[in-house]
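The values are calculated or read from the model by the stated rules, or taken from the named source; none is laboratory data. All figures in this text were calculated on a predicted structure; none of them were measured in a lab. So basically every Cβ, Gly included, is an ideal-geometry build from the backbone, and we count neighbours across all protein chains shown. For the accessible areas, the whole protein counts, side chains as well, though only heavy atoms, and no ligand, DNA or RNA atoms are used. Shrake-Rupley method; radii C 1.70, N 1.55, O 1.52, S 1.80 Å.
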Amino acid sequence: MTSVVSSPPRTIRIGSRKSQLALVQTYWVQEQLQKSYPDITFEVHTMSTQGDKILDVALAKIGDKGLFTKELELGMINQEIDFAVHSLKDLPTNLPEGLTLAAITERENPADALVVHEKHKDKQIDTLPEGAVIGTSSLRRLAQLRHHFPHFTFKDVRGNLITRLAKLDAGEYDALILAAAGLERLGMSDRVHQILPSEISLHAVGQGALGIECRADDSELLTLLKAIEHPQTRDRCLAERSFLRSLEGGCQVPIGVNTEISGDNLTLTGIVASIDGQKFVKDAVTGQANNAEALGIELAELLRQQGAQEILSEIFAVIQRGS
């Protein structure tokens, strides 16, 4: 009688950036997968990305294609890791050949949050004093806030979340604009002073969700990762990413979105704004949620007809000049 030798359980290597927030997100993914597949070993491997290393230059001036993802993607292509966990808002809409977006997790609050210095604890965004110094490293936030609050002073802020909050508390800024999801994931919800309404700040594409990227030919892993997929979040984020891709916008351009699902319908709202906030086009489309990517393309064309492409062309020219 021939004995059957079973192959040992697979060890799956998860790639993550080294920042505290990235690790919190990655360990959460590891925990969820371990619950679903207790016989598989999931190991976390950390890497530093270009965006983690260059902290004294505004993000828009560095370049945005894979700023926080390229090293992790090379790790997958070179078989050093099996999949990577990204903040979906950092993941470019066009992925390297051979890699795919395997799963999108349930979204945390995607909104932007106002975090204030102690001296402004009785203020809201619209009651901060004239000339208040607002810290943000996002052109999207900058453009929208300049549109609504031209009397503020805006100052770039880099570094991880802890570093940024320390600069705020030291008095370098009157307030910061940060992603609510990041604060929530780090257990810092108490620092959220105000959730900015979408009328003031539409959020970034994919903000609040995690994107799981892996090799497109790893069919076993693609099947396993579906255990942490959230279908409604996936529909919302695919619509947003399609909109961004259709406008040829990278992470660091003033493009904001909002998505809502009601029954089988998805409503996608988008804006494109000039960096100074003076030019501003905004519209929305509604359609079947299972046709999410087509809705993104439709909205992009609608805004293009209203002048979005001219606004973006001017921004790209400014960024390329290094202004």
Note on the chain: the mean projected area of its alpha-carbon convex hull, in nm², is 18.4 nm²
For the chain, give the percent of accessible area contributed by carbon and sulfur heavy atoms, probe 1.4 Å, rounded to a whole number. 48 percent
Angle check, please: helix 231-246 long axis (alpha carbons) against the longest principal axis of the chain (alpha carbons), in degrees 0 to 90, nearest 10. 60 degrees
Charged-residue dipole, Cβ positions (Lys, Arg, Asp, Glu), the stretch 89-202 about Cα centre, Debye nearest 20: 200 debye
Compare the Cα positions of Asn78, Gln194, Leu128 along the charge dipole of the chain (+1 at Cβ of Lys, Arg; -1 at Cβ of Asp, Glu; about the Cα centre) and return the one farthest towards the positive end. Leu128
Estimated vicinal HN-Hα couplings, Hz - the stretch 189-196 in sequence order (Karplus 6.51, -1.76, 1.60; Gly, Pro = x): 4, 5, 7, 6, 8, 7, 7, 6
According to a simple spin-label model (label point 7 Å from Cα along Cα-to-Cβ), what is the distance in nm between Glu199 and Thr286? 1.9 nm
Could you state the angle between the C-alpha long axis of helix 20-36 and the longest principal axis of the C-alpha atoms of the chain, as a value from 0 to 90 degrees rounded to the nearest 10? 40 degrees
Share of antiparallel DSSP beta bridges in the stretch 227-314, in percent to the nearest 5? 100 percent
Relative contact order as a percentage, the stretch 163-256, C-alpha pairs under 8 Å and 6+ apart, gives 26 percent
Projecting each Cα onto the charge dipole of the stretch 125-216 (Lys/Arg +1, Asp/Glu -1 at the beta carbon, about the Cα centre), which of Gly211, Ile162, Phe149 comes out farthest on the positive side? Gly211
What number comes out for the charge environment of Ile81, summing +1 per Lys or Arg and -1 per Asp or Glu over other residues with Cβ under 11 Å away? -4
The stretch 112-178 versus the stretch 259-323: alpha-carbon centroid distance in Å: 25 Å
Quick one: net charge of Ser246's neighbours, Cβ under 13 Å, K/R +1, D/E -1? -2
Sequence gap at least 6, Cα distance under 8 Å: using those rules, report the relative contact order of the stretch 111-173 to the nearest whole percent. 38 percent
Considering only the chain, percent of DSSP beta bridges that pair antiparallel, nearest 5: 70 percent
Rounded to 10°, Cα long-axis angle of helix 308-321 versus longest principal axis of the chain: 90 degrees
Counting each pair of different Cα atoms once, what's the Kirkwood radius of the stretch 105-188 in Å, rounded to one decimal? 13.2 Å
Glu108, Glu130, Glu80, Glu97, reordered so the largest accessible area comes first (probe 1.4 Å): Glu97, Glu130, Glu80, Glu108
For the stretch 72-124, shape from the Cα gyration tensor axes a ≥ b ≥ c, cut at a/c of 1.5 then a/b versus b/c, turns out prolate
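Can you classify the stretch 176-299 as rounded, prolate or oblate using the Cα gyration tensor, where a ≥ b ≥ c are the square roots of its eigenvalues, rounded means a/c under 1.5, and otherwise it's prolate if a/b beats b/c and oblate if not? Walk me through the numbers before you get to the answer.
On the way: a/c = 1.71, a/b = 1.21, b/c = 1.41.
Oblate.
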To the nearest 500 deg cm²/dmol, what mean residue ellipticity at 222 nm is calculated for the chain from DSSP H runs of n ≥ 4 alone, each contributing -39,500 (n - 2.57), summed and divided by the residues? -10000 deg cm²/dmol
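Considering only the other residues whose Cβ falls under 15 Å of the Cβ of Glu293, what net charge follows from Lys and Arg at +1 and Asp and Glu at -1? Each step should come with its number before you reach the end.
Numbers: positive: Arg234, Arg236, Arg241, Arg245; negative: Asp235, Glu240, Glu298, Glu301.
Computed value for this residue: 0.
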